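The structure appears right after this line, and notes come after that.
Only the coordinates and a few stated rules stand behind these numbers; no lab work does. As the structure is a prediction and not an experimental result, all values here were calculated from the model. Cβ: placed from backbone, ideal geometry, glycine included. Neighbour counts: every protein chain shown.
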Amino acid sequence: MNLKEIAEQLGVSQSSISIVRKGKPGVSSAVRRRIQLTLEKNGYSYDAYIEDHQDLANKLQNLLRKGGSICLLKHARSALLTDQNEGFIAGLIEPISVAISAAGYTLEVNAVNSEEYSLFLQNLPDMGYSGMIVIATEMDQKELSDLSQVQIPTVVLDSDYPYIPHSSVTMNNRQLAWQAVACLAKCGEVGYLRSSQKTGNFIARMLGYREALQSFSLPDDPQLVFSLTPSLDGAERDMTQYLDEGHRIPPALFADNDVIAIGCMRALTAHHYRIPHDIQLIGVDDTLLSQVISPSLSSIQISRVQMAQQAVRLLMEAISSPAHLRAHIHIDAQLIYRDSLSGGS
């Protein structure tokens with residue numbers, strides 16, 4: 001693995017890699033240690049970093065002025081849902097940063113993959129954070145349950161598994177799936193473009209989809225559920241295979257996210273389906289790509305700002321009152337009508 005690939009894997013800049021290799025100040029201790037471990041694993045050397053008195057004085061002054069630092073932990077399993085889903089995670093991080101700063105804290109972003117996750121949790125007590133927000137989009141139930149060992153105030157963001165061991169904020173996945181099917185019910189059959197990568201959010205959307213089918217007396221047919229890779233190319237490839245094999249495609253489709261929906265639209269168009277005349281589609285996340293493609297994609301919009309603000313609010317309450325009760329907040333969503341639906345709103 002070269003240095004550019006290491007930077008991409010860790011979610012840091014190449015200049016940060018250079019700073020660590022030269023033993024210079026300029027990155028947090030947590031980020032420095034993660035970079036050092038990855039350099040060692042890939043056979044790279046680095047100079048030792050020794051904090052001088054001014055470094056320590058500046059750090060102490062910053063802690064006194066800001067009240068401490070908050071860890072924003074970005075977990076990635078495949079990175080398909082965190083990186084391929086353009087703009088969604090960035091749309092969470094920016095308002096978190098603003099709200100944390102307004103609360104008088106500094107924010108440190110740490111990106112880890114599944115292999116690094118356990119080591120990060122082991123080292124967490126020594127990092128001196130006042131609290132932590134975890135972007136858990138790609139985390140499985142085992143990784144979420146491991147958070148029970150975390151002793152600092154913690155809020156889990158963007159995961160809909162039950163029994164999360166800390167307060168949490170996520171979108172109302174069952175509601176948004178029900179809303180999409182309710183809109184498409186007039187078509188008579190509604191298929192489901194389901195992510196082949198399972199997460200708490202997607203499992204909850206499947207429940208909402210099936211509840212809506214029952215509510216509107218629509219057929220609950222397993223052959224109307226299509227498992228697709230959650231990337232543009234992967235979803236297009238997988239849907240193309242379904243089409244080439246002669247699978248029947250219903251007149252309406254609900255997708256786990258915009259990326260899957262758009263990949264499917266590419267395959268459908270290549271097989272001469274007309275959207276929305278032959279097939280109507282709804283995605284989730286209201287990404288920029290859903291707005292600029294042709295035909296544009298109708299999508300369920302979630303307020304990332306509200307999710308971020310609620311997460312920071314819960315974290316500040318946990319920091320100020322450690323004995324507070326956990327809370328699990330679900331944010332409702334709204335459907336944005338575009339060209340992939342016929343008849344408008």
(message) What does the extension gain come out to for E245 and A270, with contour length at 0.36 nm per residue minus their alpha carbon separation?
(response) 7.5 nm
(message) Let me make sure I get this right: for the chain, a, b and c are the square roots of the gyration tensor eigenvalues over alpha carbons, sorted descending. Under 1.5 in a/c it's rounded, otherwise prolate if a/b > b/c, else oblate. Which is it?
(response) prolate
(request) Hey, can you grab everything whose amide H is under 5 Å from the amide H of L193? Only 5+ residues off in sequence or another chain; H modelled, so Pro and N-termini drop out. (result) F226, F254, A255, D256
(request) Could I have the simple spin-label model distance between S45 and Q334, label points 7 Å from Cα toward Cβ, reported in nm to one decimal? (result) 6.0
(message) Report the Cα centroid-to-centroid distance between the stretch 211-250 and the stretch 1-18 in angstrom, as an integer.
(response) 38
(request) Could you compute the FRET efficiency for V292 and Q151, with r as their C-beta to C-beta distance and R0 at 41 Å, rounded to 0.05? (result) 0.35
(message) Taking amide H atoms as placed 1.01 Å from N in the peptide plane, list the residues 5 or more away in sequence, or in a different chain, whose amide H sits under 5 Å from that of V27.
(response) none
(request) Could you work out how far apart the two model spin labels at S118 and A182 are, taking each label as a point 7 Å from the Cα in the direction of the beta carbon, and quote it in nm? (result) 4.5
(message) Which of the three applies to the stretch 164-287, rounded, prolate or oblate, going by the alpha-carbon gyration tensor with a ≥ b ≥ c and a/c under 1.5 meaning rounded?
(response) oblate
(request) Just tell me which aspartates and glutamates come within less than 17 Å, Cα to Cα, of K4; anything on the same chain fewer than 8 places away is out. (result) E40, D83
(request) Name the aspartates and glutamates eligible as straight-distance cross-link partners of K24: C-alpha to C-alpha under 13 Å, and not fewer than 8 places from it in the same chain. (result) D47, E51, D52, D55
(message) I'd like the FRET efficiency for S227 and K142, computed as 1/(1 + (r/R0)^6) with the beta carbon distance as r and R0 of 25 Å, rounded to 0.05.
(response) 0.70
(request) Determine the calculated [θ] at 222 nm for the chain from helices alone, applying -39500 (n - 2.57) to every DSSP H run no shorter than 4 residues and normalising by the residue count; nearest 500 deg cm²/dmol. (result) -13000 deg cm²/dmol
(message) Quick check: pseudo-label points 7 Å beyond the Cα along Cα→Cβ at A323 and N2, how many nm apart are they?
(response) 5.8
(request) Pop out the ³J(HN,Hα) list for the stretch 207-220 in order, Karplus 6.51 cos²θ - 1.76 cosθ + 1.60 with θ = phi - 60°, rounded to Hz; leave Gly and Pro as x. (result) 4, x, 4, 5, 4, 5, 4, 5, 4, 9, 6, 9, x, 9
(message) Can you compute 3J(HN,Hα) from phi for each residue in the stretch 167-177, using the Karplus curve 6.51 cos²θ - 1.76 cosθ + 1.60 with θ = phi - 60°, rounded to whole Hz and x for Gly and Pro?
(response) 4, 8, 9, 8, 6, 7, 5, 5, 5, 5, 5
(request) Would you mind telling me the antiparallel percentage of the DSSP bridges in the chain, rounded to 5? (result) 10
(request) Could you list which residues have their amide H under 5 Å from that of L335, counting only those 5 or more apart in sequence or on another chain, with H placed in the peptide plane? (result) Q301
